[in-house]
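Since the structure comes first, as structure tokens, the remarks are kept for the end.
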Amino acid sequence: MLHEEQHRQHRVSWLRASVLGANDGIISTSSLIIGVVAANLAYESILVTALAALVAGAISMAAGEYVSVCAQSDTEKSDLLIEANALKDNYEEEVIELAEIYQKRGLAYELSLQVARQLMAKDALGAHARDEIGIVDNSKAQPVLAAVSSAISFTVGALLPLSIVLFASYENIAAMVVLVTLIALGALGAISSFLGGAKLHKGILRVTFWGAIAMIATFLLGSGFKA
Ligand SMILES: [Zn+2]
């Protein structure tokens, strides 16, 4: 029998990104709508607010994601360049440096040198990138893909409260937005904790709590401006 335990790490990162994007889209758009509804604004103002929230949020998510992925990739590239130069200039010191890392992880002195030499004979930069700096594969950075996917997940989230503004009657907008937001956040929390292997109620409580806080805050703010 092959022993294969189920690891979740590989699907956590894209999942976390898209769930976060959708959470953001729902929470920020819903609480903006609650704020303007609480201030008694006209229907057109509420609709424009919801639309602007969707567009601004999606672009800001994309920009944030793009910048952060690029910055991460640039940092890794310059670290790799420093490392490549060190390998060129001081190969022997680099062998000892890597061996010391393996000793700290539990290998005996002789064995650590042997491992360092053999790994470096095959791919010196790769061995140092992985075990010294912690870079697994720098070529995987995809800033445009990351930007587009977080914009899409934000938009999907924001479409939920926006569609309530579009289709619910004026008097029901606030109540429907609160209800649908809490249900959707609960469902997202459940999905992410199920896929991420966490406790279900924790995942649900985490997101619905922050969604509720945001809507209460903007409700109080908007009420202060009530005409
Ligand atoms: Zn090194």
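The values are calculated or read from the model by the stated rules, or taken from the named source; none is laboratory data. For clarity, every value in this text was computed on a predicted model and none was experimentally measured. Cβ atoms come from the backbone with ideal geometry, glycine included; neighbour counts cover every protein chain shown.
Those residues that are closer than 13 Å to LEU125 by Cα, surrounded by 15 or more Cβ atoms within 10 Å (Cβ to Cβ) and either within 11 Å of the ligand (Cβ to nearest atom) or of a type in the set (A, V, I, L, M, F, W, C) (or both), I need them from segment 66-86; list them, please.
ASP79, LEU80, GLU83, ALA86
Just the residues that are surrounded by 17 or more Cβ atoms within 10 Å (Cβ to Cβ) and within 8 Å of the ligand (Cβ to nearest atom), please, taken from segment 87-102.
Result: LEU87, GLU94, LEU98.
Which of (1) of a type outside the set (S, T, N, Q); (2) away from the ligand (no atom under 15 Å from the Cβ); (3) modelled with pLDDT of 95 or more does ASP137 not meet, given it meets every other one?
Every listed condition holds for ASP137 apart from (3).
Scan segment 103-127 for residues that are small (Gly, Ala, Ser) and surrounded by 14 or more Cβ atoms within 10 Å (Cβ to Cβ) and jot them down. Show your work before the answer.
So in segment 103-127, the residues small (Gly, Ala, Ser) come out as 106, 108, 112, 116, 121, 124, 126-127.
Within segment 103-127, SER112, ALA116, ALA124, GLY126, ALA127 meet the criteria.
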